[in-house]
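J.: Dropping a structure here in structure tokens format, bear with me for questions.
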Amino acid sequence: MLSIKNLHAKIDDKEILKGINLEIKAGEVHAIMGPNGSGKSTLSAVLAGREEYEVTEGTVNFLEKDLLDMNPEDRAREGVFLAFQYPIEIPGVSNINFLKTAINETRAYHGKETITAKDFLALVKEKSALVELDAKLASRSVNEGFSGGEKKRNEIFQMAMLEPKLSILDETDSGLDIDALRIVAKGVNTLKSSENATIVITHYQRLLDYIVPDFVHVLYNGRIVKTGGKELALELEEKGYDWIKEEINN
Amino acid sequence: MIKELTKKDILLENLNQLDFSSEPHFAKDLRAEAKNALDQLEFPTSKTENWKYTRIGKIINKTYSIQSKISTSQLSISNYLIPELDANIAVLLNGFYREDLSSIEKQEGLKISSLKNAIAQENGFIKNHLGGIAKAESEIFIALNTMSFTDGVYIDLDKNIVGKKPVHIINIITDNNIVANTRTIVKAHDNSAVKIIESFVNLQGEESFTNSVSEFFLNPNSQVEYNKIQNKEGESYQVSTEQVYQRKDSNFTINTITLDGTLVRNNLNIEVNAEGCETNLNGIYLGKNKNHIDNHTVVNHLKPNCNSNEVYKGILDDNSVGVFNGKVFVRPDAQKTNAFQQNNNILLTDDAVINSKPELEIYADDVKCSHGSTTGQLDDEAIFYLQARGISKRSAVNLMISAFIKDALSSISIEPLKNYIDSKIDERFGS
């Protein structure tokens with residue numbers, strides 16, 4: 001589904017990604033872990049198409065298409081979803097209206113008709129229940145006045161509405177209490193299928209108790225330096241990142 | 001001795017071609033007074049405090065032709081109608097009321113007519129009140145208008161009359177290089193209510209100048225909503241003045257929507273001279289190219305227990321310039337006044353400019369007043385967020401702009417008009 005080869009990216013002349021290689025198949029869950037500043041969030045930003053980052057080398061293929069060649073909206077329409085680490089508040093733009101626009105523009109991109117008001121409302125009802133998001137929040141301005149947990153649940157609600165093929169959860173667990181974490185994880189697990197894939201970027205092993213990864217990758221200094229199964233996450237939790245740094249530096 | 005003709009002399013000489021000799025005495029006197037006032041009044045320069053950010057050279061450095069008589073030229077007004085709106089239509093074409101293009105449904109107690117006709121008939125209200133609040137001696141453009149307005153619309157509501165349909169005045173210029181002075185006067189008697197839309201548009205009308213003055217007299221417990229839509233394409237100039245006088249428990253709402261215009265200056269002056277009044281003055285201005293859009297507003301609270309709400313929102317693109325100067329006076333008697341004023345702007349380019357000056361002068365000690373002004377850009381982070389959900393950049397910008405101006409449109413009560421404005425915003429910024 002996703003094939004990243006030798007990806008290099010920089011921001012303001014500072015090289016952050018220094019040759020990432022990653023293959024993701026449908027049905028898989030990949031966790032990307034790593035110390036602060038290792039490039040985790042840069043990787044998600046580059047995949048989603050943030051303009052500030054310049055890709056200097058390498059390729060990213062998504063479902064046989066050149067992802068780097070697409071603008072952010074087309075990446076989303078092709079099925080890439082980024083759950084933001086810090087969801088943006090957009091006063092005055094209603095959550096529901098913007099999702100309807102997003103769904104309809106995506107449908108138009110695929111040559112499909114717009115969704116009917118009735119179907120849309122049914123979808124909102126079903127998906128907001130999934131993440132236990134109050135219907136009132138769904139109709140408020142995007143993230144405005146939402147608590148941290150509500151913002152993250154709103155990300156998963158949007159993900160549920162848009163039914164992406166590849167979801168990237170960028171530190172979705174940061175700042176979440178255990179109840180919110182459970183709800184978010186339940187949402188992600190319910191949406192998981194053999195047709196889609198998930199990248200979980202996280203600092204902590206805790207989230208991986210709830211969203212169990214097939215592979216764990218350790219990102220350090222702009223490269224994936226170690227890959228293993230879910231037990232690697234436990235090892236990292238126990239021993240921290242220093243042993244990996246030592247391994248690399250020696 | 002040979003005196004060099006000033007720009008004012010040239011314009012006056014031009015306007016003097018207009019023949020008002022058949023008008024009744026009261027009107028001739030009014031015009032003569034205005035002409036005298038013009039001896040004392042000069043065109044503002046950048047040194048004139050109220051005109052500091054607006055140069056009017058574009059308007060006064062031209063020689064205009066004058067249309068002195070009503071024409072019979074045919075024109076389809078369908079392009080200027082507001083879709084789905086059932087309204088009484090009054091058409092002002094190049095400064096003249098065109099009965100044949102207008103369509104007014106008769107309603108007992110409601111008069112909508114040519115102002116010129118009302119003058120000719122020596123209508124009592126007009127005789128006593130025309131020029132009563134828009135005083136020629138106070139301002140040069142009012143004086144010019146009073147001296148030379150060719151026609152306008154007179155709306156008169158009897159006691160307890162509620163206008164069944166909104167009145168839509170289509171004020172249109174169809175010739176290049178002309179000057180048109182139009183005058184509107186609205187009388188709302190006790191407990192009456194009316195909704196008005198006035199669209200300022202042009203067909204051709206390149207380098208033409210519209211100078212309009214409107215006077216609103218609100219009797220106790222009356223309600224007037226005036227929606228002013230300025231959408232003159234091409235090179236066009238407009239100065240317009242609204243003068244409002246509110247009596248007890250009256251409710252006045254004005255929405256000023258400026259969609260286009262090379263040089264637009266709006267002077268809005270509201271005198272709240274009794275208790276229990278409500279005043280809403282809202283506006284949006286969407287500048288593009290080299291548009292220069294200037295809104296000067298004054299609310300004068302003279303008596304206690306009144307509310308005024310003012311929200312102006314500007315979106316300035318390309319090299320456009322916006323000016324907002326809102327003044328609220330709360331006089332010593334006006335205790336328990338609630339006055340709220342806000343001006344927010346978004347600059348879409350580095351070359352767009354806004355000059356914003358909210359002013360509050362309070363002489364009473366038991367009041368609630370606030371004012372504020374902000375200027376910013378569209379939030380790139382928010383645009384990216386929307387794009388990341390599959391929304392095109394253009395739609396994302398449109399969504400954010402619509403959200404930004406929404407509260408400035410909230411006091412428009414005519415649903416088809418709201419939809420019309422939404423569609424204009426969509427046309428400008430949407431896909």
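The values are calculated or read from the model by the stated rules, or taken from the named source; none is laboratory data. Predicted, not measured: the structure shown is a model, and the values here were computed from it. Cβ sites come from the backbone with ideal geometry, for glycine too, and all protein chains shown count toward neighbours. Just so you know, the surface numbers come from the protein's heavy atoms only, side chains and all, with ligands and any DNA or RNA stripped out. Shrake-Rupley method; radii C 1.70, N 1.55, O 1.52, S 1.80 Å.
J.: Among the residues of the stretch B:362-381, is any within 12 Å of another protein chain (Cβ to nearest Cβ), in contact with a Pro (Cβ under 8 Å, 6 or more places away or on another chain) and open to solvent by less than 20 Å² (accessible area, probe 1.4 Å)?
T.: For the stretch B:362-381, residues within 12 Å of another protein chain (Cβ to nearest Cβ), in contact with a Pro (Cβ under 8 Å, 6 or more places away or on another chain) and open to solvent by less than 20 Å² (accessible area, probe 1.4 Å): absent.
J.: Here's something else I'd like to know. Would you please list the contacts, defined by Cβ atoms under 9 Å and residues six or more apart or on different chains, that run from a residue in the stretch A:225-250 that is over 22 Å from A:Pro213 (Cα atoms) to a residue that is open to solvent by 90 Å² or more (accessible area, probe 1.4 Å)?
T.: A:Ile248/A:Arg223
J.: Name every residue in the stretch A:52-73 that is within 14 Å of another protein chain (Cβ to nearest Cβ) and either free of Cβ contacts under 8 Å to residues at least 12 places away in the same chain or under 16 Å from the mean Cα position of the chain (by Cα) (or both), in order of residue number.
T.: Passing the criteria: A:Leu67, A:Pro72, A:Glu73.
J.: Based on what the data block shows, is A:Ala48 among the aliphatic types (A, V, I, L, M), open to solvent by less than 30 Å² (accessible area, probe 1.4 Å) and within 14 Å of chain B (Cβ to nearest Cβ)?
T.: Details: among the aliphatic types (A, V, I, L, M): yes; open to solvent by less than 30 Å² (accessible area, probe 1.4 Å): yes; within 14 Å of chain B (Cβ to nearest Cβ): yes.
So A:Ala48 passes the test.
J.: Of all residues in the stretch B:177-209, how many are small (Gly, Ala, Ser) and within 21 Å of B:Ile77 (Cβ to Cβ)?
T.: 4
J.: Let me ask something else about it. Give the residues of the stretch B:398-427 that are among the hydrophobic types (A, V, I, L, M, F, W, C), away from every other protein chain (no Cβ under 11 Å) and out of contact with any Lys or Arg (no Cβ under 8 Å at 6 or more places or on another chain), sorted by residue number.
T.: Answer for the stretch B:398-427, where residues must be among the hydrophobic types (A, V, I, L, M, F, W, C), away from every other protein chain (no Cβ under 11 Å) and out of contact with any Lys or Arg (no Cβ under 8 Å at 6 or more places or on another chain): B:Leu417, B:Ile421, B:Ile425.
J.: Quick one: A:Asp119 ticks every box in (1) open to solvent by 40 Å² or more (accessible area, probe 1.4 Å); (2) at the interface with another protein chain (Cβ under 10 Å from one of its Cβ atoms) except a single one, so which number is it?
T.: (2)
J.: Residues in the stretch A:130-162 that are more than 12 Å from chain B (Cβ to nearest Cβ), within 14 Å of the chain's Cα centre (by Cα) and touching a residue at least 40 places away in the same chain (Cβ under 8 Å): how many?
T.: Number satisfying all stated conditions: 2.
J.: Still on this structure, I have one more. Does the stretch A:19-39 hold any residues that are outside any strand (DSSP E or B) and over 15 Å from A:Thr198 (Cβ atoms), and which are they?
T.: Residues satisfying the conditions are A:Gly34, A:Pro35, A:Asn36, A:Gly37, A:Ser38, A:Gly39.
J.: So, in the stretch A:143-186, exactly how many residues are farther than 26 Å from A:Phe62 by Cα, part of a loop (DSSP other than H, G, I, E, B) and not acidic (Asp, Glu)?
T.: Residues in the stretch A:143-186 being farther than 26 Å from A:Phe62 by Cα, part of a loop (DSSP other than H, G, I, E, B) and not acidic (Asp, Glu): 7 in total.
J.: What about B:Glu139, is it in the same structural domain as B:Gln238 (by TED's automatic domain parsing), free of Cβ contacts under 8 Å to residues at least 40 places away in the same chain and open to solvent by 30 Å² or more (accessible area, probe 1.4 Å)?
T.: Against the criterion (in the same structural domain as B:Gln238 (by TED's automatic domain parsing), free of Cβ contacts under 8 Å to residues at least 40 places away in the same chain and open to solvent by 30 Å² or more (accessible area, probe 1.4 Å)), B:Glu139 does not qualify.
J.: Another question, then. Within the stretch A:102-116, track down each residue that is open to solvent by 40 Å² or more (accessible area, probe 1.4 Å) and either closer than 30 Å to A:Glu64 by Cα or in contact with a Ser or Thr (Cβ under 9 Å, 6 or more places away or on another chain) (or both).
T.: Scanning the stretch A:102-116 gives A:Arg107, A:Ala108, A:Tyr109, A:His110, A:Gly111, A:Lys112, A:Glu113, A:Thr114.
J.: Now for a different question. Of the numbered conditions (1) surrounded by 23 or more Cβ atoms within 10 Å (Cβ to Cβ); (2) under 17 Å from the mean Cα position of the chain (by Cα), B:Met147 fails exactly one; give the number of that condition.
T.: (2)
J.: Hey, another quick one. On the basis of being of a type in the set (Lys, Arg), modelled with pLDDT of 95 or more, open to solvent by less than 30 Å² (accessible area, probe 1.4 Å) and within 24 Å of B:Leu38 (Cβ to Cβ), does B:Arg183 make the cut? I'd like the intermediate steps shown before the answer.
T.: Working: of a type in the set (Lys, Arg): yes; modelled with pLDDT of 95 or more: yes; open to solvent by less than 30 Å² (accessible area, probe 1.4 Å): yes; within 24 Å of B:Leu38 (Cβ to Cβ): yes.
Yes: the conditions hold for B:Arg183.
J.: Something else about it: Hey, can you tell me all the residues within the stretch B:242-265 that are part of a strand (DSSP E or B), touching a Ser or Thr at 6+ places or on another chain (Cβ under 7 Å) and closer than 19 Å to B:Ala352 by Cβ?
T.: B:Val264, B:Arg265
J.: Given (1) touching a residue at least 40 places away in the same chain (Cβ under 8 Å); (2) farther than 23 Å from A:Leu47 by Cβ, where does A:Thr116 come up short, assuming only one miss?
T.: Status for A:Thr116: all satisfied but (1).
J.: Something else about it: Would you check which residues across the stretch A:181-207 are open to solvent by 10 Å² or more (accessible area, probe 1.4 Å) and not charged (D, E, K, R) and list them?
T.: Within the stretch A:181-207, A:Ile183, A:Asn189, A:Thr190, A:Leu191, A:Ser193, A:Ser194, A:Asn196, A:His203, A:Tyr204, A:Gln205 meet the criteria.
J.: A further question on this structure: Taking the criterion of being modelled with pLDDT of 90 or more, on the phi < 0 side of the Ramachandran plot and either open to solvent by 30 Å² or more (accessible area, probe 1.4 Å) or of a type outside the set (A, V, I, L, M, F, W, C) (or both), would at least one residue in the stretch A:234-243 satisfy it?
T.: To start, the set of residues in the stretch A:234-243 that are modelled with pLDDT of 90 or more comprises none.
No, the stretch A:234-243 has no match at all.
J.: Out of the residues in the stretch A:74-90 meeting the condition of being part of a strand (DSSP E or B) and at the interface with chain B (Cβ under 7 Å from one of its Cβ atoms), tell me which one is modelled with the lowest pLDDT.
T.: Ranking the candidates gives A:Ile90 first.
J.: For the stretch B:176-196, give me the residue count where each residue is in contact with a Leu (Cβ under 7 Å, 6 or more places away or on another chain), farther than 17 Å from B:Asp249 by Cα and among the polar types (S, T, N, Q).
T.: Counting residues in the stretch B:176-196 that are in contact with a Leu (Cβ under 7 Å, 6 or more places away or on another chain), farther than 17 Å from B:Asp249 by Cα and among the polar types (S, T, N, Q) gives 2.
J.: May I pose another question? Tell me, yes or no, whether the stretch A:92-115 has at least one residue that is more than 9 Å from chain B (Cβ to nearest Cβ) and of a type in the set (Ser, Thr, Tyr).
T.: Yes - at least one qualifying residue is present in the stretch A:92-115.
J.: Can you name every residue in the stretch B:206-228 that is out of contact with any helix residue (DSSP H, G or I) (no Cβ under 8 Å at 6 or more places or on another chain), of a type outside the set (Phe, Trp, Tyr) and surrounded by 24 or more Cβ atoms within 10 Å (Cβ to Cβ)? Reasoning before the result, please.
T.: Filtering the stretch B:206-228 down to residues out of contact with any helix residue (DSSP H, G or I) (no Cβ under 8 Å at 6 or more places or on another chain) leaves B:206-208, B:210, B:214, B:216, B:218-226, B:228.
Filter once more, so that each one left must be of a type outside the set (Phe, Trp, Tyr): B:206-208, B:210, B:214, B:218-225, B:228.
If the condition is that a residue be out of contact with any helix residue (DSSP H, G or I) (no Cβ under 8 Å at 6 or more places or on another chain), of a type outside the set (Phe, Trp, Tyr) and surrounded by 24 or more Cβ atoms within 10 Å (Cβ to Cβ), then B:Ser208, B:Thr210, B:Ser214, B:Leu218, B:Ser222, B:Val224 are the ones that fit.
J.: If you take just the helices (runs of 4 or more DSSP H) that sit entirely in the stretch B:1-109, which of them hold at least 3 residues that are open to solvent by less than 80 Å² (accessible area, probe 1.4 Å) and not β-branched (Val, Ile, Thr)?
T.: B:7-15, B:25-40
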